[in-house]
Amino acid sequence: MKTKEYDEALSVYKSTVQIQRQIHGNNHISVGRALDRVGLAASYSDSPHNYDWAVAALNEAFLIRYNTLGPHHCDTADTLNNIAGVHLRRNELEEARQAYTEVLTVRAAIMGPEHPAVAVTAHTLGKVYMRVANYLEALRHFEFSLRIYCEAMRLKDTNPTVAKVLKDKDSTERMMVSMGYR
């Protein structure tokens, strides 16, 4: 989607939030869903001002979903994942790491430790650890992701997703060697 389309979507989603609030009140799950969409659309806009909208909307959506659906619901975890993504795009790496760690824990608990969403989250968390130069944790998360893809899902090294994780793992190992690890 292009920036203009995200801006248009953001406008529509903001209107949807207002309508849902009028119909259902402030804490209804449909308001949480609409706020999640506002946050997601705002997070992909080029305007830095929209990142503030994204964080505010996603935090409110998370609270509504957490209070309505509970902490171990896929929609609650998805909103937390969206929050982590905003922190990552804002280069708020500690906040992103904390949120992705929680997402990984919750997804593994509700979907099982071999679910593809767990592998994606582990890979993303590994990339966050790379950016903060915690290479051992990065490597551990890349290997965890690869175990799910290659052993549980039986994907081959030629699979594009597996190839990306292998490339990140290889980069991490080379960085560790160059810095005297291993």
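Just one of (1) in contact (Cβ under 8 Å) with a residue 24 or more places away in the chain; (2) touching a Ser or Thr at 6+ places or on another chain (Cβ under 9 Å); (3) surrounded by fewer than 24 Cβ atoms within 10 Å (Cβ to Cβ); (4) of a type outside the set (Gly, Ala, Ser) fails for VAL86. It is (3). Summed over segment 21-46, residues that are open to solvent by 40 Å² or more (accessible area, probe 1.4 Å) and either part of a loop (DSSP other than H, G, I, E, B) or modelled with pLDDT of 95 or more (or both) total 11.
Restricting attention to segment 68-78, does a residue exist that is at positive phi and over 14 Å from the mean Cα position of the chain (by Cα)? Yes, segment 68-78 contains at least one residue that is at positive phi and over 14 Å from the mean Cα position of the chain (by Cα). Per the conditions (1) over 23 Å from ALA109 (Cα atoms); (2) surrounded by fewer than 24 Cβ atoms within 10 Å (Cβ to Cβ), the sole criterion not satisfied by ALA54 is (2). Restricting the search to segment 92-105, which residues are open to solvent by 20 Å² or more (accessible area, probe 1.4 Å) and part of a helix (DSSP H, G or I)? Correct list: LEU93, GLU94, GLU95, ARG97, GLN98, THR101, GLU102, LEU104, THR105. With respect to (1) closer than 25 Å to GLU151 by Cβ; (2) of a type in the set (Gly, Ala, Ser); (3) free of Cβ contacts under 8 Å to residues at least 40 places away in the same chain, the lone exception for ALA56 is condition (1).
Residues in segment 22-65 that are out of contact with any Phe, Trp or Tyr (no Cβ under 7 Å at 6 or more places or on another chain) and aromatic (Phe, Trp, Tyr) were compared, and the one that is farthest from ARG90 (Cα to Cα) is PHE62. A Cβ distance below 9 Å, combined with a sequence gap of six or more or placement on separate chains, defines the contacts here; from segment 24-52, residues that are in contact (Cβ under 8 Å) with a residue 12 or more places away in the chain and farther than 17 Å from LEU80 by Cα reach residues that are aromatic (Phe, Trp, Tyr) and outside any helix (DSSP H, G or I) in the pairs ASN50/TYR44. If you go through segment 8-20 and keep only what is among the polar types (S, T, N, Q) and surrounded by 13 or more Cβ atoms within 10 Å (Cβ to Cβ), you end up with THR16, GLN20.
The values are calculated or read from the model by the stated rules, or taken from the named source; none is laboratory data. Nothing here was measured: the structure is a model prediction, and the numbers come from that model. A quick note on method: Cβ atoms are made from the backbone with ideal geometry, for glycine too, and the neighbour counts reach across all protein chains shown. To get the accessible areas, we keep the full protein, side chains included, count just its heavy atoms, and leave off ligands, DNA and RNA. Shrake-Rupley method; radii C 1.70, N 1.55, O 1.52, S 1.80 Å.
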